[in-house]
Structure formats: C-alpha cells, structure tokens
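Reading through the structure tokens given below for one structure.
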Amino acid sequence: MRFMMLVKHAENSGAPPKELMDAIAKLSEEAVKAGTMVASGGLAPTAASTRVRVSRGQITTTDGPFTEAKEIVGGFAIFDLKSKEEAVEGALRFMELHKKHWPGWEGETEIRQMYGPEDFGPKA
Amino acid sequence: MTATDTHRAIDAIWRIESAKIIAGLARIVRDVGLAEELAQDALVAALEQWPESGVPDNPGAWLMATAKHRAIDFFRRKKLLERKHEELGRELDAQQKMAVVDFGSAIDDDIGDDLLRLVFTACHPVLSTEARVALTLRLLGGLTTEEIARAFLVPEPTVAQRIVRAKRTLSEARVPFDVPRGDELAARLSSVLEVIYLIFNEGYSATAGDDWMRPALCEDALRLGRILAELVPKEPEVHGLVALMEIQASRSGARIGPSGEPILLLDQDRARWDQLLIHRGLATLQRAEELRGALGPYALQAAIAACHARARTPEETDWPRIAALYDALAHGARSPVVELNRAVAVAMAFGPAAGLELVDALTSEPSLKSYHLLPSVRGDFLFKLGRFAEAQAEFERAAALTRNAREHELLLGRARACAHGSAPLEQR
C-alpha cells in the first residue's frame, strides 16, 4: 500500500534547528534502508507558488504568497507500507523528532493512502 | 487508544522492528531459531503490557531491551545447567561464555551487518527453496505464519512446520551466522536473489480473484530487495533485480483486463503504468550499470524491461536493442525460453523471417515440447510471412497445448483467421 505524508505547518515557522534536520536526515536514511520510502521532497515557500482555480465557470490564476492560510504543506514523502498502522507509526516517529528538537513548533503530518492498481483493477 | 488500536500499533511496530531485533539477537546467541523465539517473547510481553501502559516512546528499543533480558535469562539458566554438567566433569561451552561477555556492546553495533547475516542465513543453500522463502518472509519480512500460508495457498500448519524444520536444519548443520566471503559470496548471493524474485513472481502471478495477501507479496519482495540493495550497494545484480521488480511492478495496473484476462505487454494502456516505479526502476538500473563488470541476468532482464518502459508507444520500442540484450542474456545463461524471447525480439527488429530462423532451431528442443508459446510464436511469424496454412496448424497446436481457457480461445481465433488469410478484427 502506498501512502503520502503531507507535513503542514504555519508558513512563518522560521528555519528549523540543525538538530532537527540531522535527525530527519537520519530517519529518512533509515526509511530508505528499510525499503519503505520511495520518494520525498520539500516545498519552496508559497511566495514562489501559483494557484490556478476554477470557480463558477471562471478560471483564475493567483500568485503567492498565501498569507491567509494558517498552515501550508511544507513537504511530502511517499512510502510503500504494509498497513495504515505502519504509516501512523512512521508519522509518530517523525513528529516525535519535531517535538524533541523544535520546542514550541506546531504542525501536523497528514497520512493519505494513495490509490494503487488494486483500486482500479477488476473487482475480486 | 483502545486495546485493539494498541494491538494494531504493535503489529505495525513489529513489522518495522522485528528483522532488526532478530538479527541483533542472532549474532549474540548464534542461533537464528533461538533469536526468533526470544524476539517473539518480547512481542508477547508488549502485547501483555502496552494495552495497559501505553506504547513506549521508543518501542523498538523497548522490544530489543526486553528480548535482551530474555536472552540473559536464557543464558543464566543455561549456565546453571552447565555448571551442573561441570560437576559431572563437563566443560562450559567457550563460545557461549564469550557470547555472554560480549553481550552489552554487541547489540549496539551496526545493525546492517546483522541484517545481512540474517539474509544469508535464511537463504542458506542447506535449506529447500520453500523453506528459504518461508523463513525469509518470516524473519525479514515480519510476516506471520498465517500470512505466509495465505499468500502461498498452503495450509498454515504446513508453513509452521516448514519454518520449524528450517530452523532445526540450520542449527543441526551448524550454519554459521555470517556473511560469506570470496568465491562463496557470489553463489550465496544468487540464492538470496532467487528467493526474493520467487516471492515477487508468486505475487505477480496472482490474479484478480486471489486473496490480497498474494499480490502483496510483490511489495514484500520489493521491500526485501531494496533493503538488500542498501546492505550490499556494490553488487550490480542486486540493483538489477530491484530494477527488474520495480519496472515489472509498474505495470501491475495495466496487465489485467476488466474481466480478469491477462493483457499482453504491447497491448497494455501505458498511461496506467506507474511512473514513480518506472522512474525508480530506471534509476536503480543505472546504479547497476555504473558498477564495474558485465551485466548479469537480472540486470539484463531489467534493461530489457527498461526498453519497454522508456517507449511511450509500442511502436517506439527499441527492438534492436532488446534483441541485443537477449543476445547477451543468451550468452550468459542459454535457455530455450530465453532463446524464444530472443526470436520474438529479433523478429520485431529485423522481420519475421529472421525470427523464424531462430524458432525453427528450437522445434526439436525437448524442454519446449509441450510449451504452447513455441507454436504460438512460430505461427505468428508464419502468418506475417503469408504462409497461412502452416500458421493455422501452429495456432491449432498451440491452442491444444495451453491450459488457459482465454488463451485457448484467442489461439483458435487466430487459427480461424489463417483460413481466411487475414487477421481477425480484434487482432492487430
């Protein structure tokens, strides 16, 4: 089963402490070694982003930054895992690192299961 | 968190941690079977305690510490027993004494080496292939006996017994918990790769109606392969196998039609290929190619799969390159099936006459005598050359040989088309 982890936080959180970055690097390395992480990436500030929206039959394009958003997606990772519980366990460990190395920081990891071939294929 | 939630969390944690715990313990106790039992004891303790106490902050360390205590208890009991034996004039087993002394520091050392030892032990040639598969899934994949049984369509007691017997065999044969070196490494590594690919193919051959545990074997095999690739990053064949599995797995969503019928590679909707897996597969293949030495059979097969993955349409397929890769594959490991595939690639690259020449050389091959793809491929070449009567006979022969009902129908359709000297409408 494939899962996408979306990490969300306030945009003006500031630069993460080095200890956190090191700990995340270590956790990612472990996940790669465990054969579970298939992709990951950090996202640039919303100042560099653009929203293309369709609403009431109109398409509008809006450039960032999107200061009105309380929390934005700051990064993502894609995992191949056996179960949702394994995904939750992974997210717990990831947030545990934030708690430990960045006191006062607030944010969340959203776990989204991705559709796989089994969801499109013929019904069993 | 309810007790059920906790149990599910424990399942997940076990999946993540069990191989590392078993591997770490096995190095100390020098017995994979015992290591697994000690790890299981720790799991039982977690199942008893965590619903009350909550999941500890570092559950992996908790499990390891608990298993370690069980190991110490085990050795204490054993030592006591041995002391009694000593009174009877026997000597303490030096190695086990060492093991107890070594205990504190040993567990914290690099876990990677231990995992690698565990891989080689679980796939040791002293074990039957079935035993290797079961033990690998159990010790490294963290699967339960029941899950393995479901995935391989065998009764649970059969798998349980297979595992018990395998552990006993390892212990009786005194298989060292070690990574093979020198010349032995290549042979032992190929045994490991064979086990992983077998697990993958078991999952890949599962059809739509099968229990989801079966297709999940592909994921297990991929995970094992990726772990192995990180453990021995300089072995090109490991990357080759991982690349092959990634690219094959990328087609999972496209290879079975709405009513469960298999869809041939060239007829698949390429938009349904998983681009993330293709991307990973191509990158992994590149890692294999960047290492020194000629490509081995897995890397060559991956390179062939990559040719298909890179082609946006079937027409863009680089058939001359595929034919050349099959040449290299046949050079290293000549087999009639490889030869038949080579003939198909050659026909696609250089025309049906060239393919027919290769296939004709195979018609006397005893191992292909009842292989329906041989007359089917030969029929296809003859058809393309306009030799319809001969083609019809070949398609009819192929239809009689296949055990797959849908394929049977398809082949008879092609045979009928030969009578008209044209392709049936649904055929390309």
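What follows is calculated from the coordinates using simple rules that are stated; it is not laboratory data. In this text, all values refer to a predicted model and were calculated from it rather than measured experimentally. Positions of Cβ are generated from backbone atoms using ideal geometry, with glycine treated the same way; all protein chains shown enter the neighbour counts.
5 Å is the cut-off here: which amide hydrogens, built 1.01 Å from N in the peptide plane, fall below it relative to residue B:257, excluding neighbours closer than 5 in sequence?
B:263
If I model a spin label as a point 7 Å beyond the Cα along the Cα-Cβ vector, how far apart are those points for residue B:259 and residue A:51 in nm?
For the pair residue B:259/residue A:51, the computed spacing is 4.8 nm.
With no solvent and one point on each alpha carbon, what is the Debye value of log10 I(q)/I(0) for region A:2-117 at q = 0.16, 0.23 Å⁻¹?
Scattering profile of region A:2-117, log10 relative to I(0): -0.84, -1.34.
Can you work out ³J(HN,Hα) from phi for every residue in region A:58-67, in order, using Karplus 6.51 cos²θ - 1.76 cosθ + 1.60 and θ = phi - 60°, giving whole Hz and x for Gly and Pro?
Per-residue couplings from phi come out as 10, 9, 10, 10, 10, 7, x, x, 10, 6 Hz.
Using a Gaussian network model of chain B with C-alpha springs under 10 Å, which one of B:268, B:301, B:49 is most mobile by mean-square fluctuation?
B:49
For region B:48-59, in order, what is each residue's ³J(HN,Hα) by Karplus, 6.51 cos²θ - 1.76 cosθ + 1.60 with θ = phi - 60°, in whole Hz (x at glycine and Pro)?
7, 8, 5, x, 7, 8, x, 6, x, 4, 10, x
Would you mind checking which residues have amide H under 5 Å from residue A:40's amide H? H placed 1.01 Å from N; only 5 or more apart, or other chain.
Hits under the 5 Å cutoff: A:78.
Along region B:70-82, what does the Karplus equation 6.51 cos²θ - 1.76 cosθ + 1.60 (θ = phi - 60°) give for ³J(HN,Hα), rounded to whole Hz, x for Gly and Pro?
4, 5, 4, 4, 4, 5, 4, 4, 5, 5, 4, 4, 5
Would you please classify the overall shape of region B:153-224 from the alpha carbon gyration tensor, given that a ≥ b ≥ c denote the square roots of the eigenvalues, rounded means a/c under 1.5, and beyond that prolate means a/b larger than b/c while oblate covers the rest?
Judged from the Cα gyration tensor, region B:153-224 comes out oblate (a/c at least 1.5, b/c at or above a/b).
If I build a Gaussian network model for chain B, linking alpha-carbon pairs within less than 10 angstrom, which residue out of B:386, B:24, B:182 has the largest mean-square fluctuation?
With Cα springs under 10 Å in chain B, the top fluctuation among B:386, B:24, B:182 is at B:182.
At q = 0.17 Å⁻¹, work out log10 I(q)/I(0) for region B:1-90 with the Debye formula, treating every Cα as an identical point scatterer and leaving solvent out; two decimals please.
Here the Debye-derived log intensity ratios amount to -0.71.
Across all directions of projection, what mean area in square nanometres is found for the Cα convex hull of region B:313-428?
That works out to 7.4 nm², a quarter of the Cα hull's surface.
Please give the helix B:94-106 orientation as an angle from the longest Cα principal axis of chain B, in degrees from 0 to 90, rounded to the nearest 10.
80
Could you work out Rg/(2.2 N^0.38 Å) for the protein assembly as shown, with Rg from alpha carbons only?
Details: Rg = 27.5 Å, N = 552, 2.2 N^0.38 = 24.2 Å.
Dividing the Cα radius of gyration by 2.2 N^0.38 Å gives 1.14.
What Rg and what Dmax come out for chain B when only alpha-carbon atoms are used, in angstroms?
Reported Rg and Dmax, both Å: 26.2, 93.
In straight Cα distance, which lysines are under 21 Å from residue B:78, not counting same-chain residues fewer than 8 positions off?
B:68, B:97, B:167
Post the alpha-carbon centroid distance, region B:104-179 to region A:43-59, in whole angstrom.
52
What length, rounded to one decimal in nm, is gained on full extension from residue B:275 through to residue B:211, with 0.36 nm per residue of separation minus their alpha-carbon distance? Before the final figure, lay out each step's value.
Values: separation 64, 0.36 × 64 = 23.04 nm, distance 2.57 nm.
Taking residue B:275 through residue B:211 to full extension adds about 20.5 nm, to one decimal.
Counting other Cβ atoms within 10 Å, keep those with at most 14, restrict to DSSP loop, and tell me which trypsin sites (Lys or Arg not before Pro) in region B:208-250 are left.
B:234
State, to one decimal in nm, how far the label point of residue B:286 lies from the label point of residue A:6, with both points 7 Å from Cα in the Cβ direction.
Distance between the two pseudo-spin positions: 2.9 nm.
Ratio to report: Rg/Rh of region B:370-428, with Cα atoms as the point set and Rh obtained by the Kirkwood method; give two decimals.
0.93
Please build a GNM for chain A, connecting alpha carbons under 10 Å apart, and tell me which residue among A:59, A:78, A:24 fluctuates the most.
Top of the fluctuation ranking is A:59.
Residue A:92 to residue B:113: FRET efficiency via 1/(1 + (r/R0)^6), r the Cβ-Cβ distance, R0 25 Å, to the nearest 0.05? Before the final figure, lay out each step's value.
On the way: r = 28 Å, r/R0 = 1.12.
The formula returns an efficiency of 0.35 here.
So how tilted is helix B:111-122 from the main axis of chain B? Cα-based, degrees 0 to 90, rounded to 10.
So the inclination is approximately 70 degrees.
At a 10 angstrom cut-off on C-beta neighbours, averaged per residue, how do the peptides B:191-199, B:397-405, B:275-283 rank from highest to lowest?
Per-residue mean Cβ counts within 10 Å order the peptides as B:191-199, B:275-283, B:397-405.
By how many degrees, between 0 and 90 and to the nearest 10, does the Cα long axis of helix B:405-420 differ from the longest principal axis of chain B?
The angle comes out near 20 degrees.
Rounded to the nearest 500, what is the 222 nm mean residue ellipticity of the protein assembly as shown from helices alone, with -39500 (n - 2.57) per DSSP H run of 4+ residues and division by all residues?
On the way: 22 runs with 339 residues, N = 552.
Roughly -20000 deg cm²/dmol at 222 nm, from the helical runs in the protein assembly as shown.
Place +1 on the Cβ of every Lys and Arg and -1 on the Cβ of every Asp and Glu in chain B, take the dipole about the Cα centre, and give the residue among B:324, B:389, B:311 whose Cα lies farthest towards its positive end.
B:389
Under the classification rounded if a/c is under 1.5, otherwise prolate if a/b is larger than b/c and oblate if not, where does region B:296-371 fall, given a ≥ b ≥ c as square roots of the Cα gyration tensor eigenvalues?
oblate
Quote the FRET efficiency, to the nearest 0.05, computed for residue B:365 versus residue B:400 with a Förster distance R0 of 22 Å and r equal to the Cβ-Cβ distance.
Efficiency for this residue pair is about 0.75.
Nearest 0.05, what FRET efficiency do residue B:158 and residue A:68 give at R0 = 56 Å with Cβ-Cβ as r?
0.35
Considering the options B:152, B:375, B:182, tell which one lies farthest towards the positive end of the dipole of the protein assembly as shown, charges being +1 on Lys and Arg and -1 on Asp and Glu at the Cβ, about the Cα centre.
Looking along the dipole axis, the top candidate is B:375.
Can you pull the mean other chain C-beta count within 10 Å for peptide B:218-228?
3
Using a 10 Å cut-off on Cβ to Cβ distances, tally the other chain neighbours for every residue of B:5-11 and report the average as a whole number.
So the per-residue partner count for this stretch is 3.
Taking each residue of B:259-266 in turn, how many C-beta atoms of other protein chains fall within 10 Å of its C-beta, and what is the average?
Per-residue shielding by partner chains comes out at 1.
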